[in-house]
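K.L.:
Here it is: the structure, laid out below.
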């Protein structure tokens, strides 16, 4: 009998669902969903989850849980990350989610988030021979940024920073469109936030950098001018440092209304994509990488294998 399971990742900006069927040692996806609810709006300033954001996120969770069950998922793993980690009223969200969706999200630490993301990336891009080139993984989320490194399926080093595309945007509050002086303020804040990452730099030589999460997949989709998001075209694609710099300049120069209409752009992400791109660039510069490989998978895939794998 084929067994099916589901994983839900409740992020600061986006809620993601994966329903998959076990196939041998791996999983085949049956349904993948992503919806931006921005649960972490204002958390950096207030330390609390916004009631409207809780309602919107719980509504999405209810739909996701219902779809997972309708597809025959016998287990649903649900985790919450940066926004809920930092909010003083997280219990309100947990209780509402449990009541409406029958799922109580589990808060995971930044280090655990980094581990799950790394495991997901390793399955797709890691070297079968552990003595071969190492893997570095960058996850720029809405509220936090994780960087991991290793030479096998488990990371040897992992760092979680309390900065992400939403937090950086809210802290700097750049004008629309983003003038050069505001762009430099974004870059300065990002450089300061990632200043500790070079501690691993001497060991990173020869590593492959994989980047995950909505910021980098959106950047890849815009770079390819995709008329509709195509995971097959994004997953495994590459972005060079120079291409990202050119893309940043282009995004910053556009008014938000035009940025949101770009082919490949998720309209609800258009207001934080400039800050997200800045974080990707500054993290790459801090760690010495001039190119990255894009992964369309992340926490949800690592969670699925971690909780329901053999």
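The values are calculated or read from the model by the stated rules, or taken from the named source; none is laboratory data. Since the structure is predicted, the reported quantities are computational estimates derived from the model, not experimental observations. Don't worry about glycine lacking a Cβ; one is built from the backbone with ideal geometry, like all the others, and counts go over all protein chains shown.
K.L.:
Sort through 223, 245 and tell me the only one that's within 22 Å of residue 181 (Cα to Cα), in contact with a helix residue (DSSP H, G or I) (Cβ under 9 Å, 6 or more places away or on another chain) and modelled with pLDDT of 95 or more.
P.N.:
Checking each option against the conditions leaves just 245.
K.L.:
Look through 286, 220 and report the one residue that is within 30 Å of residue 109 (Cβ to Cβ), within 14 Å of the chain's Cα centre (by Cα), assigned to a helix (DSSP H, G or I) and in the same structural domain as residue 147 (by TED's automatic domain parsing). So that I can check it myself, show each step before the final result.
P.N.:
Values: 286 fails: within 14 Å of the chain's Cα centre (by Cα).
Selected residue: 220, the only one of 286, 220 that is within 30 Å of residue 109 (Cβ to Cβ), within 14 Å of the chain's Cα centre (by Cα), assigned to a helix (DSSP H, G or I) and in the same structural domain as residue 147 (by TED's automatic domain parsing).
K.L.:
Given (1) surrounded by 20 or more Cβ atoms within 10 Å (Cβ to Cβ); (2) in a loop (DSSP other than H, G, I, E, B), identify the lone condition not met by residue 210.
P.N.:
Residue 210 satisfies every listed condition except (2).
K.L.:
May I ask you to say which residue of 139, 182 is assigned by TED's automatic domain parsing to the domain that holds residue 274, surrounded by fewer than 22 Cβ atoms within 10 Å (Cβ to Cβ) and closer than 30 Å to residue 259 by Cα?
P.N.:
Residue meeting the stated conditions: 182.
K.L.:
Taking only the stretch 1-19 into account, find how many residues are touching a helix residue (DSSP H, G or I) at 6+ places or on another chain (Cβ under 6 Å) and either assigned by TED's automatic domain parsing to the domain that holds residue 139 or not in a loop (DSSP other than H, G, I, E, B) (or both).
P.N.:
11
K.L.:
Do you know which residues across the stretch 283-310 are surrounded by fewer than 24 Cβ atoms within 10 Å (Cβ to Cβ) and under 24 Å from residue 180 (Cα atoms)?
P.N.:
Matches in the stretch 283-310: 284, 285, 286, 290.
K.L.:
Further question: Determine which single condition residue 190 fails, assuming it passes every other condition in (1) crowded, with 17+ Cβ neighbours inside 10 Å; (2) farther than 22 Å from residue 82 by Cα; (3) at pLDDT 95 or above.
P.N.:
(2)
K.L.:
Checking the conditions here, which among 172, 216 is over 23 Å from residue 148 (Cα atoms), buried (at least 19 other Cβ atoms within 10 Å of the Cβ) and in contact with a helix residue (DSSP H, G or I) (Cβ under 9 Å, 6 or more places away or on another chain)?
P.N.:
172
K.L.:
Still on this structure, I have one more. Looking only at residues in the stretch 53-87 that are at pLDDT below 95 and farther than 19 Å from residue 298 by Cβ, which one is surrounded by the most Cβ atoms within 10 Å (Cβ to Cβ)?
P.N.:
It comes out as 87.
K.L.:
Okay, moving on. Please verify whether residue 102 is at pLDDT 95 or above, touching a strand residue (DSSP E or B) at 6+ places or on another chain (Cβ under 9 Å) and surrounded by fewer than 20 Cβ atoms within 10 Å (Cβ to Cβ), treating the condition exactly as stated.
P.N.:
yes
K.L.:
Contact list please: Cβ distance under 6 Å, first residue in the stretch 194-205 and modelled with pLDDT under 70, second residue part of a helix (DSSP H, G or I), pairs at least six apart or on different chains.
P.N.:
From residues that are modelled with pLDDT under 70, the pairs are 198/286; 201/287.
K.L.:
For the list (1) outside any loop (DSSP other than H, G, I, E, B); (2) in contact (Cβ under 8 Å) with a residue 24 or more places away in the chain; (3) under 23 Å from residue 229 (Cα atoms), I need the number of the one condition that residue 249 fails.
P.N.:
Unmet condition: (2).
K.L.:
Before we move on, is residue 65 over 13 Å from residue 12 (Cα atoms), assigned by TED's automatic domain parsing to the domain that holds residue 35 and in contact (Cβ under 8 Å) with a residue 12 or more places away in the chain?
P.N.:
Judged against the criteria, residue 65 is a match.
K.L.:
How many residues does the stretch 23-46 hold that are assigned to a loop (DSSP other than H, G, I, E, B) and either modelled with pLDDT of 95 or more or under 21 Å from the mean Cα position of the chain (by Cα) (or both)? First the steps, then the outcome.
P.N.:
Residues of the stretch 23-46 that are assigned to a loop (DSSP other than H, G, I, E, B), as a first pass: 24-25, 37-42.
So of that shortlist, the ones also either modelled with pLDDT of 95 or more or under 21 Å from the mean Cα position of the chain (by Cα) (or both) come out as 37-42.
Residues meeting the conditions: 6.
K.L.:
With in a loop (DSSP other than H, G, I, E, B), assigned by TED's automatic domain parsing to the domain that holds residue 146 and surrounded by fewer than 22 Cβ atoms within 10 Å (Cβ to Cβ) as the only criterion, which of 242, 205, 232 stands out? Don't jump to the end; show me each part of the working.
P.N.:
Numbers: 242 fails: in a loop (DSSP other than H, G, I, E, B); 232 fails: in a loop (DSSP other than H, G, I, E, B).
Result: 205 is the single residue among 242, 205, 232 that is in a loop (DSSP other than H, G, I, E, B), assigned by TED's automatic domain parsing to the domain that holds residue 146 and surrounded by fewer than 22 Cβ atoms within 10 Å (Cβ to Cβ).
K.L.:
Inspect all residues belonging to the stretch 113-122 and state whether any of them is modelled with pLDDT of 95 or more, outside the structural domain of residue 157 (by TED's automatic domain parsing), farther than 22 Å from residue 26 by Cα and out of contact with any strand residue (DSSP E or B) (no Cβ under 7 Å at 6 or more places or on another chain).
P.N.:
no
K.L.:
State all residues of the stretch 252-276 that are in contact with a helix residue (DSSP H, G or I) (Cβ under 8 Å, 6 or more places away or on another chain) and outside any loop (DSSP other than H, G, I, E, B); if no residue qualifies, say none.
P.N.:
Residues satisfying the conditions are 252, 259, 269, 273, 274, 275, 276.
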